[in-house]
1. Of the conditions (1) touching a residue at least 60 places away in the same chain (Cβ under 8 Å); (2) closer than 20 Å to M17 by Cα, F130 fails just one. Which one is it?
2. Collect the residues in segment 76-127 that are among the polar types (S, T, N, Q) and within 25 Å of E23 (Cβ to Cβ), keeping them in residue-number order.
3. Quickly run through segment 67-98 and pick out the residues that are of a type in the set (A, V, I, L, M), under 15 Å from the mean Cα position of the chain (by Cα) and buried (at least 16 other Cβ atoms within 10 Å of the Cβ).
4. Counting only residues that are crowded, with 18+ Cβ neighbours inside 10 Å and small (G, A, S), give me the helices (runs of 4 or more DSSP H) lying completely in segment 114-191 with at least 1 of them.
5. Please find, among F174, F130, the residue that is in contact with a Gly (Cβ under 8 Å, 6 or more places away or on another chain) and at pLDDT 95 or above.
6. Could you tell me which residue of segment 14-40 is farthest from K137 (Cα to Cα), considering only residues that are part of a helix (DSSP H, G or I) and among the polar types (S, T, N, Q)?
7. Can you go through L80, L47 and tell me which one is modelled with pLDDT of 95 or more, assigned to a helix (DSSP H, G or I), under 23 Å from I138 (Cα atoms) and of a type outside the set (G, A, S)?
8. Take the residues in segment 4-30 that are modelled with pLDDT of 95 or more and out of contact with any helix residue (DSSP H, G or I) (no Cβ under 8 Å at 6 or more places or on another chain), then tell me which one is farthest from T86 (Cα to Cα).
Amino acid sequence: MNPIIMSVLYGFSGFLMKISDDEYDKNNNKVTSSILGAFTGLTCGFLASHDTSSAYIFIGILISTLISLKIDGIHHITSLIFFVLTCISFGVGDLNLFVLTLCITSGFIDEIGNDNKCIYKKSKFFKVFFDYRFSMKITIFLLSVLGIINILYGFSIDYIGFLAPETIIYFLIFEIFYDLGGRTSKIKSLL
């Protein structure tokens, strides 16, 4: 898929995901959050169906939120349904179980640490680490670097796949727009 389209879709999905969460959590607006959740699911599902590295990220996020019991609103359920239907409609390529497990585990660590007051009290480092969900970022970064090394030097490890090198850039775009979505919600609540 075209890198510009990938970048736009990653930004769009991150922004919508955060706005959907905030509409539900802060404004108790179930209709708007569900509509935004549907678009989030479509966008993430489309990316996962058309790019294997994206599939690792978005399936990892989905499963980690499921097992951490963070799917707690109609907007999440709507997003889940649209994500799964989109992935079924377009299909998802073969995924390496080890890489998928790394993405799920890092996402789970981020979900458990995020908003955990006990961890926040212990260290400012952990507050920043989990507020900005660095566990998955580090995992995606390392798998992308290994992807670069694989392309340049033919380095590989049996039964372990790597991510496409540009994946870290797309994921950072997702995260930046997720953060912008949160800032937009804060500005909206002040008005």
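1. Of (1) touching a residue at least 60 places away in the same chain (Cβ under 8 Å); (2) closer than 20 Å to M17 by Cα, only one is false for F130: (1).
2. Within segment 76-127, T78, S79, T86, N114, N116 qualify.
3. L80 - this is the single residue of segment 67-98 that is of a type in the set (A, V, I, L, M), under 15 Å from the mean Cα position of the chain (by Cα) and buried (at least 16 other Cβ atoms within 10 Å of the Cβ).
4. On the way: elements: 117-122, 124-131, 134-153, 167-190.
Filter on segment 114-191 gives 134-153, 167-190.
5. F174
6. Initial filter on segment 14-40 (part of a helix (DSSP H, G or I)): 14-25, 30-40.
If we keep only those that are among the polar types (S, T, N, Q) as well, we get 20, 32-34, 40.
On the way: S20: 22, T32: 29, S33: 26, S34: 27, T40: 20 Å.
Once the filter is applied, the top-ranked residue is T32.
7. None of the other options fit; the residue is L47.
8. Selected residue: I4.
The values are calculated or read from the model by the stated rules, or taken from the named source; none is laboratory data. These figures come from a predicted structure and were not determined experimentally. Every residue, glycine among them, receives a Cβ derived from its backbone with ideal geometry; neighbour counts consider all protein chains shown.
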